[in-house]
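Taking it in order: structure first as structure tokens, then the write-up.
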Amino acid sequence: MPAQSKSQQKAAGAALSAKRGDTKVKDLKGASKEMYDDMSESQLEDFAQTKRKGLPEKKG
């Protein structure tokens with residue numbers, strides 16, 4: 001499932017980084033913290049791999 005906005009894509013990237021241990025979980029805020037708690041690594045990869053070109057900044 002691809003991200004529907006640039007902000008979703010960025011949040012998924014941050015959550016994925018924490019899931020992999022590259023960044024600290026305590027540094028996550030808002031949507032990225034929720035994504036970290038609720039989504040698997042493969043789901044986060046799908047969101048994070050979405051191309052940003054043509055996406056709105058925020059989901060309507």
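Just so it is clear, none of the values below were taken in a lab; they were calculated from the coordinates. Predicted model only: the values in this text are computed from it and were never measured. All Cβ positions, even for glycine, are placed from backbone atoms using ideal geometry, and neighbour counts span all protein chains on display.
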Checklist entry - Among 28-35, 8-15, how do they line up from the highest to the lowest mean number of other beta-carbon atoms within 10 Å? => result 8-15, 28-35
Item to check | By average C-beta atoms within 10 angstrom, highest first, the peptides 51-59, 16-24 | outcome: 16-24, 51-59
Item to check | Mean separation of Cα contacts under 8 Å (6+ apart) over length of the chain, as relative contact order % | outcome: 57
Next on the checklist: Can you compute the helix-only [θ] at 222 nm over the chain? Use -39500 (n - 2.57) per DSSP H run of at least 4 residues, normalise by all residues, nearest 500 deg cm²/dmol.
Outcome noted: -15500 deg cm²/dmol
Item to check | Total formal charge among the other residues, if their Cβ is under 15 angstrom from that of R52, Lys/Arg +1 and Asp/Glu -1 | outcome: +4
